[in-house]
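Presented below is the structure to which this report refers.
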Amino acid sequence: MNQRGRISRRQVIAAGLTLAGGAAAYLRWPGTLPPTYGNLLRMGDNLTYAAHRVLFSRNALAREYSVADVTPFPATGTYDPGLGDTPLAETYRRLRAAEFADWRLVVEGRVARPQAFSLADLKRLPSRTQVTRHTCEEGWSAIGQWTGVPLRAVLEAAGILSTARFVKYSAYDGWVDSIDMVDALHPQTILAYGMNGRDLPIPHGGPLRIRVERQIGYKSMKFLARLEVTDTWDDGGDAGHIRSGWAWYNGA
Ligand SMILES: Nc1nc2c(c(=O)[nH]1)N[C@H]1C(S)=C(S)[C@@H](COP(=O)(O)O)O[C@H]1N2
Ligand SMILES: [Mo]
């Protein structure tokens, strides 16, 4: 504020320059930005990503609802990863037949103690329950209650190395995706084993799905098999969303 108690034009310009400088610094920060594939749309994604990371609080919460707000929730995309004839599908069928007693979530990469967590292991860690709105890129949304372990707690149990930049995750239907550490360490990013007060139903991703509440629905991957903490950006390449043309970052 200047002496007259108003914000001067110079201050506005200075603030604008600072913001632009911040975004530019972020854009130049080596490896921070996902590559554009030389594609204009992807360039737009990068600008959205950079702007969100510069402007928004790391811990701003997605809106949470009360249990009374829970709505019917359709299962979409893959609803049974055991239907395929891939080795992954076969493994999933075997694990499901034993009620996931032998199921393990592999956590590896840039962690001090790579390990495989059973469902019981995950349930022994702190839990979080949240009622949130899921928004699908196809235009529908629904509210559900999710219970699980904060991804942060799992990563801390495995020991996050200082080189950790992204968390890549993959599923039993072959899906691969990744998020940055801001989303990975966000309090609402949980590995959910419960939905609406019950075990996570298979069509909704049983036994474990991730919830990335500040991004669009397709980032909330079902049927998790593996997490890899990486020091470079990796969206899964051909197995990632580039196939469908979906943005790597799609936050609100
Ligand atoms: N592994 C996997 N995860 C997935 C999908 C999928 O097909 N496979 N579909 C995504 C999309 S597009 C949406 S909208 C939600 C759907 O979750 P739901 O089936 O619980 O409604 O899961 C997301 N996660
Ligand atoms: Mo979706």
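Output the residue which, of all residues in the range 184-193 that are of a type outside the set (A, V, I, L, M, F, W, C) and surrounded by 20 or more Cβ atoms within 10 Å (Cβ to Cβ), is farthest from the chain's Cα centre (by Cα). Steps first, please.
In the first step, residues of the range 184-193 are kept if they are of a type outside the set (A, V, I, L, M, F, W, C); the result is 186-189, 193.
Among the residues that remain, those that are also surrounded by 20 or more Cβ atoms within 10 Å (Cβ to Cβ) are: 186, 188-189, 193.
Details: 186: 9, 188: 10, 189: 7, 193: 15 Å.
The selected residue is 193.
Answer yes or no: is there a residue in the range 155-167 that is among the charged types (D, E, K, R), under 21 Å from residue 121 (Cβ atoms), within 17 Å of the chain's Cα centre (by Cα) and open to solvent by 10 Å² or more (accessible area, probe 1.4 Å).
To start, the set of residues in the range 155-167 that are among the charged types (D, E, K, R) comprises 156, 165.
Still in the running and under 21 Å from residue 121 (Cβ atoms): 156.
Then drop every residue that is not within 17 Å of the chain's Cα centre (by Cα), which leaves 156.
When the remaining residues are screened for being open to solvent by 10 Å² or more (accessible area, probe 1.4 Å), the result is 156.
Yes; the residues of the range 155-167 include at least one that is among the charged types (D, E, K, R), under 21 Å from residue 121 (Cβ atoms), within 17 Å of the chain's Cα centre (by Cα) and open to solvent by 10 Å² or more (accessible area, probe 1.4 Å).
What residue, among those in the range 123-146 that are within 16 Å of ligand 1 (Cβ to nearest atom) and under 13 Å from residue 193 (Cβ atoms), is most open to solvent (accessible area, probe 1.4 Å)? Walk me through it before giving the result.
The first filter runs over the range 123-146 and keeps only residues within 16 Å of ligand 1 (Cβ to nearest atom), leaving 130-146.
Retained after the next criterion (residues that are under 13 Å from residue 193 (Cβ atoms)): 145-146.
Numbers: 145: 35, 146: 0 Å².
The extreme case among them is 145.
Please pick out the residue among 26, 65 that is modelled with pLDDT under 95 and among the aromatic types (Phe, Trp, Tyr).
After applying the criteria, what remains is 26.
Please enumerate the residues belonging to the range 53-87 that are more than 22 Å from the chain's Cα centre (by Cα) and either not in a helix (DSSP H, G or I) or not β-branched (Val, Ile, Thr) (or both).
66, 68, 69, 71, 72, 82, 83, 84, 85, 86, 87
Tell me whether the range 172-194 contains one or more residues that are under 21 Å from residue 100 (Cβ atoms), within 10 Å of ligand 1 (Cβ to nearest atom) and among the hydroxyl-bearing types (Ser, Thr, Tyr).
yes
The values are calculated or read from the model by the stated rules, or taken from the named source; none is laboratory data. Just so it is clear, the model here is predicted, and its values are computed rather than measured. As a convention, Cβ positions derive from the backbone with ideal geometry for all residues, glycine included, and neighbour counts pool all protein chains shown. When the accessible area is computed, the model is the full protein with side chains, heavy atoms only, and any ligands, DNA or RNA have been set aside. Shrake-Rupley method; radii C 1.70, N 1.55, O 1.52, S 1.80 Å.
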